[in-house]
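The block underneath contains the structure these notes are about, expressed in structure tokens.
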Amino acid sequence: MRFPEVRARRLRKSKEIREMVRETRLCVKDFVYPLFVKEGIHMPVDVESMPGVQQLPLKDLVKQAKKAYSSGIPAVILFGIPSHKDEMGTEAYSEKGIIAQAIKAVKDAVPELVVIADACFCEYTSHGHCGVVDKEGRLLNEPTRELLKKEAYVYAEAGADVIAPSGMIDGMVSAIREALDGEGYEDVAIMSYSAKYASSFYGPFRDAAESSPQFGNRKTYQMDIANSREAIKEVMLDIEEGADIVMVKPALPYLDVIKEVSSRFPYIPLAAYNVSGEYAMVKAAGKLGYIDEDAVMMEMLTSIKRAGADIIITYFALDAARLL
Ligand code: PBG
């Protein structure tokens, strides 16, 4: 034993002293709350694989957004489910589309709430891929980028504060930046899903967003689950292209990546997406009584922040806000 004897336990002896030396503090301001708006429904529809999450008609979306804001949550990210899908995902960038209406309705009702518009096509295309595909089913980069420009413009015009391209299309950030600046939307920020993995944790989201690919998978555009150096490259490129916020997604199975990105790029805000599968597992095990759901939720969210995320996108936002 060394002298003086090392006693780490001194700083653990009471709740107060533990709080004093706590290194990571979760705060409701860390959260972004994802919401799903669906065209053509009149009542909220439960998403079976995501207890507590619903597809919402426009008026309930606005209600949820107000609730989030009054709980102290600073931002929502919106996903739209159109009643009509086609090859080109036209409803994603139609000025009258459900998502454009939703952005406008939320901004009108709660102007202070930060509205992030997810910019992708998988919820809007009949094939369920994140852009334009050719006859062989390959996702085409350049045509998709062109559509992304339109989409970003329509969302900015509807009032979005932040555009969040999630398709892992090469050059998506610079294309969107160019489109926004060209239309006078220099103030609209870009949060890029920079390191988005081809993860199996997205299953429940695809139920909620009705966005499962009808053939194949997303492995030709989303990242291989085994790579972390490649994440550094993706983030670096997005920063060069003008991203204001970068993201790692999912969060828990990729805490090492969050850590690495946050230490290599400390000057740019880093978001982590605590995705649907991570949420569903906790809800399911909680329901079965296998775990203490609230405690596990707080531990998970704290771990994401401890790893280096500045922003946590999470379906737990309202639940966690209640406990903070
Ligand atoms: C794709 C997109 C996905 C999620 C958000 N946007 C994933 C996908 O289907 O590939 C997943 C979010 C989650 O699982 O919570 N546009």
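For the residues Tyr124, Tyr155, the requirement of being within 12 Å of the ligand (Cβ to nearest atom), touching a residue at least 40 places away in the same chain (Cβ under 8 Å) and farther than 24 Å from Glu230 by Cβ singles out Tyr124. Considering segment 211-324, the qualifying helices (runs of 4 or more DSSP H), each wholly inside and each with 3 or more residues that are among the acidic types (Asp, Glu), run over 229-241, 293-307. Total residues in segment 30-59 satisfying the condition of being surrounded by fewer than 20 Cβ atoms within 10 Å (Cβ to Cβ), touching a helix residue (DSSP H, G or I) at 6+ places or on another chain (Cβ under 7 Å) and more than 17 Å from Met281 (Cα to Cα): the figure is 3.
Yes/no matrix, rows are residues, columns are (1) within 14 Å of the ligand (Cβ to nearest atom); (2) part of a loop (DSSP other than H, G, I, E, B):
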position	(1), (2)
Gln64	no, no
Ala68	no, no
Ile73	no, yes
Leu78	yes, no
His84	no, yes
Lys96	no, yes
Ile103	no, no
Ala117	yes, no
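Of all residues in segment 197-213, those that are among the charged types (D, E, K, R) have Cβ atoms under 6 Å from Cβ atoms of residues that are near the ligand (Cβ under 8 Å from one of its atoms) and modelled with pLDDT of 90 or more, 6 or more apart or on another chain, in Arg206/Ser212.
Can you say whether Glu186 is outside any loop (DSSP other than H, G, I, E, B) and either out of contact with any Asp or Glu (no Cβ under 8 Å at 6 or more places or on another chain) or β-branched (Val, Ile, Thr) (or both), as far as the supplied structure shows? So Glu186 fails the test. With respect to (1) near the ligand (Cβ under 8 Å from one of its atoms); (2) in a strand (DSSP E or B), the lone exception for Phe205 is condition (2). Between Ala189, Ala272, which is touching a strand residue (DSSP E or B) at 6+ places or on another chain (Cβ under 8 Å), within 30 Å of Leu56 (Cα to Cα), of a type in the set (Gly, Ala, Ser) and within 14 Å of the ligand (Cβ to nearest atom)? Within the list Ala189, Ala272, the selection yields Ala272.
Among residues of segment 239-250 that are in contact (Cβ under 8 Å) with a residue 12 or more places away in the chain and within 15 Å of the ligand (Cβ to nearest atom), those with a Cβ under 7 angstrom from a residue that is charged (D, E, K, R) and not in a helix (DSSP H, G or I), sequence gap 6+ or separate chain, pair up as Lys249/Lys196.
Is it the case, given these coordinates, that Ala8 is closer than 30 Å to Ala285 by Cβ and small (Gly, Ala, Ser)? For Ala8, the condition - closer than 30 Å to Ala285 by Cβ and small (Gly, Ala, Ser) - is not met.
State which residue is nearest to the ligand (Cβ to nearest atom) when the search covers only segment 251-269 and only residues that are surrounded by fewer than 16 Cβ atoms within 10 Å (Cβ to Cβ) and of a type outside the set (D, E, K, R). Across segment 251-269, the extreme among qualifying residues is Pro253.
The values are calculated or read from the model by the stated rules, or taken from the named source; none is laboratory data. Computed from a prediction, not measured in an experiment: that's the story for all the values here. A quick note on method: Cβ atoms are made from the backbone with ideal geometry, for glycine too, and the neighbour counts reach across all protein chains shown.
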